[in-house]
Structure formats: C-alpha cells, structure tokens
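Written out below as structure tokens is the structure these notes cover.
Where a number appears in this text, it was derived from the coordinates with a stated rule and is not lab data. Model, not experiment: these values are computed from the prediction. For neighbour counting, all protein chains shown are included, and Cβ atoms are generated from backbone atoms with ideal geometry for every residue, glycine included.
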Amino acid sequence: MSETPDGAGGLLGAAERRFGRFGRAGYTLVLSAVTLGAVGALGLATNQPYVFPSLGPTVLLFFESPLRRSASALCTVVGHAVAMAAGVGALWAYGLTDTPSVLTQGLTVPRVAAAATAVGLTALVLLAVRCPHPPAGATTLLICLGMLTTGADLLTIGIGVLLVTVVGLALNRLLGVPQAVVPPRDRR
C-alpha cells in the first residue's frame, strides 16, 4: 500500500488517497471516538474517571499526525508524567496544596503564577529531553489549577494516559499506520 505525503501508509494512507483531507478527518474521527469510548467504558466498569480533558488532544495527535515525534508512545507517557510533576511542584512552590481550585475560589495571582510556571517548566523539560507532547500542557494545568490534585487523581491521570496510549498505538498499528513507540533519534 502506498503512503500519504507524510508517509502514514495503512488505512490512513488509503483513506487520504481516496478522500483527501476528509479521509484523514474520518480516520481521526472514528479512531478518536473508539479509543476514548474504550477507555471510557473501562472507566465506567471500574468507576474511575480515566477520560479527562488532556486526553482529547492526545488522541487527536495519535490519529491525525501519527508519525510526528510528539505522537510516539514514549513522548506521550513522558510528556504527561513531566506535566504531572510540574503541576504538583507548582502547587507546592506557590503554597496551593490546600487551596480550593479555581472553579471554587476563582483565579488568583498565585494560581496564575503556578500555571505559568508549570506550563513553562513542562515545555522546558520536554524540549530538553527531545520528547515533546503539547497535550501535556493541559495536564499540568488541570493539576496546578487545583482540579486534579490528590494522589488518587494523579494515579487516575497516569492510568488514563497509559490506556489511551496502548489503545491508540494498537489501533494505528493494527490498521497499518507505523506510529512509533520510541521516536527516531534526532540527527542533531
């Protein structure tokens, strides 16, 4: 099977050759829905909220741009892990560990400072280790804005990221799209 201009191949390549950008859009629509539906069903079965906002951009990246470095499984897991650490670190650094979330208290100067610090730190670390994953910026905001802060919340985030990564990677690979587990080495 020949590939798309970005080399995606598989069902994604076939859909894009046949239907152009609408083929890629359809592939992304169906597989994003299947992935989040499967992870959501597991969450319902176990009474755990494994679907949360930053997984939306993660699955979109997996299916609309599966060959990007930032869509690799390693960058996804590392990205969200770094984001979690940066978010928790910002909570501690700005004395917000026992403060109500922005949804309850409203936006405050310390919350803005924590958000700016956490997102900046996440970007710095991920770029330094050559493991970019932009959706991780949403994960760090969920934490440092006080919406997901407990140990149980952080465990749920980690499990949700792992589930989405495994399901997304498996679907792409099953359909002939060579999404990377580990991104290729940089030539720099």
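Highest mean packing first, where packing is the average number of other Cβ atoms within 10 Å per residue, the peptides 150-161, 134-145, 59-70 line up as 134-145, 59-70, 150-161. Site pair V34 and Q48 shows an inter-label distance of 2.4 nm when each label is modelled 7 Å from Cα along Cα→Cβ.
In this simple spin-label approximation, V112 and A128 carry label points 7 Å from Cα along the Cα→Cβ vector, and these lie 2.7 nm apart.
Projecting the alpha carbon convex hull of the range 10-174 along each direction and taking the average yields 10.0 nm². Taking the C-alpha atoms only, the angle from helix 151-174 to the longest principal axis of the chain is near 10 degrees. Residues of the range 55-87 with an amide N closer than 15 Å to a point placed 7 Å from the Cα of V166 along the Cα-to-Cβ direction: 73-74, 77.
Classify the range 30-106 as rounded, prolate or oblate, taking a ≥ b ≥ c as the square roots of the eigenvalues of its Cα gyration tensor: rounded when a/c is under 1.5, otherwise prolate if a/b is larger than b/c and oblate if not. Oblate is the answer for the range 30-106, as a/c is 1.5 or above yet b/c matches or exceeds a/b. In the chain, the longest principal axis of the Cα atoms and the axis of helix 109-128 are about 40 degrees apart. Note that the range 71-88 has calculated 3J(HN,Hα) couplings of 8, 5, 4, 4, 5, 5, 5, 4, x, 6, 5, 4, 4, 5, 5, 5, x, 5 Hz, one per residue in order, obtained from phi through the Karplus relation 6.51 cos²θ - 1.76 cosθ + 1.60 (θ = phi - 60°); glycine and proline are x. Which angle from 0 to 90°, rounded to the nearest 10, does the C-alpha axis of helix 55-64 make with the longest principal axis of the chain? The two axes meet at around 20 degrees. Ellipticity at 222 nm from helices only: DSSP H runs of n ≥ 4 in the chain, each -39500 (n - 2.57), divided by the residue count, give -21500 deg cm²/dmol. With contacts taken as Cα pairs under 8 Å and at least 6 residues apart, the range 10-174 reaches a relative contact order of 30 percent.
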